[in-house]
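Here, each number is a calculation from the coordinates, and none is a lab measurement. Keep in mind that what you see is a predicted model, and the values were worked out from it rather than measured. FYI the Cβ positions are ideal-geometry reconstructions off the backbone, even for glycines, and counts take in every protein chain you see.
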Amino acid sequence: MEADSMKTSSLLTVALYVAVFHAAISNAAEPLASTAPASAPPQIMRAGSQPSVVAPAAYFTGRVRIDPVWRANADINAAGNLVTFEPGARTHWHTHPKGQYLMVVSGVGLYQEWGKPIREIHPGDVVWCPPGVKHWHGATPTTAMTHLAVSGTTVNGENVEWMEKVSDEQYNAR
Ligand code: MN
């Protein structure tokens, strides 16, 4: 009885250790410490310190560029990225385990949830994509669009689950 209890206890300790270790690893590349003493100088990530990235063709249609803004950390579990879609470009269908905010910065964009009509979105508009809701976002066929994407992140560092392409027929169904 007591031996079983101790075994359970040590298994829980191992599980906790693994969870904490994983969190430490996923935060290892953090540019900003999660806490800093009041006397420390401000931590500023300088413009140009994070290179632009071409969005992978495996998850996007058309020309898309990602400019990283900030990473998730232990205190604010949401990554920020500026995403720029050329005309006609869009994400594949996908979901976010912790949801996502999109704020349109420039151009004209499109947003659609599965089974619902395509919505046009404009600079200053903010879209909330709830956790687990299948959707896509992108530019219109004729105008580019940049949005700030703020994506909630799990303890395992995951913030998106990718699905199939948005077909031309789906994209043009407005
Ligand atoms: Mn999304």
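Subtracting the Cα-Cα distance of VAL69 and VAL126 from 0.36 nm times their residue separation leaves 18.8 nm of extension gain. In a reduced charge model with +1 at each Lys and Arg Cβ and -1 at each Asp and Glu Cβ, region 106-174 shows a dipole moment near 120 debye about its Cα centre.
Normalised Debye scattering of region 37-144 at q = 0.12, 0.13, 0.15 Å⁻¹ gives log10 I(q)/I(0) of -0.47, -0.54, -0.70, counting only Cα atoms as equal scatterers and leaving out solvent. Among the chymotrypsin sites (Phe, Trp or Tyr not before Pro) in region 99-145, which ones are in a DSSP loop with at most 13 other Cβ atoms within 10 Å of the Cβ? Mind listing them? The qualifying sites are TRP114.
Pull out the extension gain between VAL105 and VAL54, defined as 0.36 nm times the separation in residues minus the alpha carbon to alpha carbon distance; nm, one decimal. Walk me through the intermediate numbers first.
Working: separation 51, 0.36 × 51 = 18.36 nm, distance 1.88 nm.
Using 0.36 nm per residue and subtracting the Cα-Cα distance, I get 16.5 nm.
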